[in-house]
Every structure is written in structure tokens, then in C-alpha cells.
Amino acid sequence: MIFIIFMIKPEIVSSEYVSPIDRAVRHVKAMMMNWGFGEGCSFIYAMLITSSEPLSAKEIGEKTNYAYSSTINYLNTLIRLGLVERVRSIRKNLYVANVNFVDLIKAEREKVHGYLNQLGRDLEGIKGLESLNAKVDHAITYLKKAETATDKPEV
């Protein structure tokens with residue numbers, strides 16, 4: 001018995017086979033996973049963010065092919081994180097995504113800033129690591145400039 005497996009890179013697949021919504025879901029999911037969210041939470045958040053209306057847990061489970069219990073667990077995690085809201089409808093709960101990428105980016109930037117500050121304190125006075133300490137200082141300066149630039153009011 002011979003099995004032939006074809007692996008196709010997503011960027012090679014013609015856009016006629018992938019809807020714009022599916023592409024958006026993929027990109028949001030990838031972004032969320034890059035920020036450390038698990039696949040389940042990322043996929044459900046991406047589904048909700050691209051939905052034109054609130055969805056029930058059953059509908060979300062059907063769209064993601066996740067079991068109902070897994071869907072509920074992922075939704076509860078997203079609710080605790082403030083990324084999803086539960087809205088009561090007639091005899092069922094509906095879920096809607098809170099879309100605020102700026103807050104997510106700011107939170108991530110604050111985490112990185114904290115890690116760099118701690119690393120800088122840890123490196124103080126260690127001989128032989130002056131070059132690394134200078135790079136950490138440069139990164140902290142860069143983050144401060146980015147914070148200043150992005151915190152200006154929009155015109």
C-alpha cells in the first residue's frame with residue numbers, strides 16, 4: 001500500500017479557493033497564537049471577530065468543529081480575559097468578541113518592557129556582558145519612543 005501526501009503552502013493556494021473571511025480568520029488566529037493564546041481560544045476569537053452577528057456556543061462549535069464542552073471552556077477563558085462578552089438572548093447565551101487590538105498590543109509592550117527592565121537590572125555590574133546590557137538599554141529606549149509616538153492623540 002502506498003500513501004502519497006501532498007503538502008501545499010497556504011500562500012500557494014489560489015485566493016479563489018479561500019474566502020476573504022477565511023483568510024481573516026487565519027490571520028487573526030495566527031496573531032493571537034503569536035501572542036501566546038492557545039489554538040482553541042485563538043480560533044474561537046478569530047471566528048467571533050469575523051462574525052457579523054453574535055453566535056451561540058453551539059454555532060461556534062459547529063464552525064470550529066470543537067466539542068460543545070471544549071467550546072464552552074474556551075469561551076469562558078476568553079470571557080475571563082475580557083476578549084469575549086456573553087449576551088443573554090431568548091433562552092440561550094450568545095457570544096460577541098471585544099475587538100481592541102490597541103489594548104492587546106499595549107499589554108504586550110508593557111510585558112516586554114518589564115522583562116527588559118528586569119534583565120537590565122540583572123546585568124548591572126556583570127563584567128563581560130556590557131555589550132548585552134547596552135543592547136537591552138537600546139531596546140528600552142526604543143520602546144519608550146514607541147510609547148511616546150503612539151500615545152499622541154490622533155488628528
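Annotations for the structure displayed:
- Taken as a whole, the structure leaves F43 outside the set of residues that are assigned to a loop (DSSP other than H, G, I, E, B) and either among the aromatic types (F, W, Y) or under 17 Å from the mean Cα position of the chain (by Cα) (or both).
- Test for S52: is it surrounded by fewer than 17 Cβ atoms within 10 Å (Cβ to Cβ), polar (S, T, N, Q) and over 18 Å from N93 (Cβ atoms): yes
- Options E39, E59: the member that is among the acidic types (D, E) and surrounded by fewer than 14 Cβ atoms within 10 Å (Cβ to Cβ): E39
- Residue check, V112 closer than 30 Å to A146 by Cα, outside the structural domain of A139 (by TED's automatic domain parsing), surrounded by 12 or more Cβ atoms within 10 Å (Cβ to Cβ) and touching a residue at least 24 places away in the same chain (Cβ under 8 Å): no
- Residue that is closer than 18 Å to I49 by Cβ, outside the structural domain of M31 (by TED's automatic domain parsing) and touching a Ser or Thr at 6+ places or on another chain (Cβ under 9 Å), where the choices are I60, I105: I105
- Note on the range 55-155: enclosed helices (runs of 4 or more DSSP H) holding 3 or more residues that are more than 16 Å from G40 (Cα to Cα) are 101-123, 130-150.
- For G82, the criteria (1) of a type outside the set (S, T, Y); (2) more than 24 Å from R26 (Cβ to Cβ); (3) surrounded by fewer than 17 Cβ atoms within 10 Å (Cβ to Cβ) hold in every case but one, which is (2).
- A67, sole failed condition from (1) under 30 Å from L143 (Cα atoms); (2) surrounded by fewer than 17 Cβ atoms within 10 Å (Cβ to Cβ): (1)
- In the range 118-146, residue modelled with the highest pLDDT [restricted to those that are loosely packed, with under 14 Cβ neighbours inside 10 Å and either in contact with a Ser or Thr (Cβ under 7 Å, 6 or more places away or on another chain) or under 22 Å from N34 (Cα atoms) (or both)]: Y142
- The set of residues from the range 47-83 being touching a Cys at 6+ places or on another chain (Cβ under 7 Å) and not aromatic (F, W, Y) comprises T77, L78.
The values are calculated or read from the model by the stated rules, or taken from the named source; none is laboratory data. Note that this is a predicted model, so its numbers are computed, not measured. Glycine also receives a Cβ, built like all others from the backbone with ideal geometry; neighbour counts cover every protein chain displayed.
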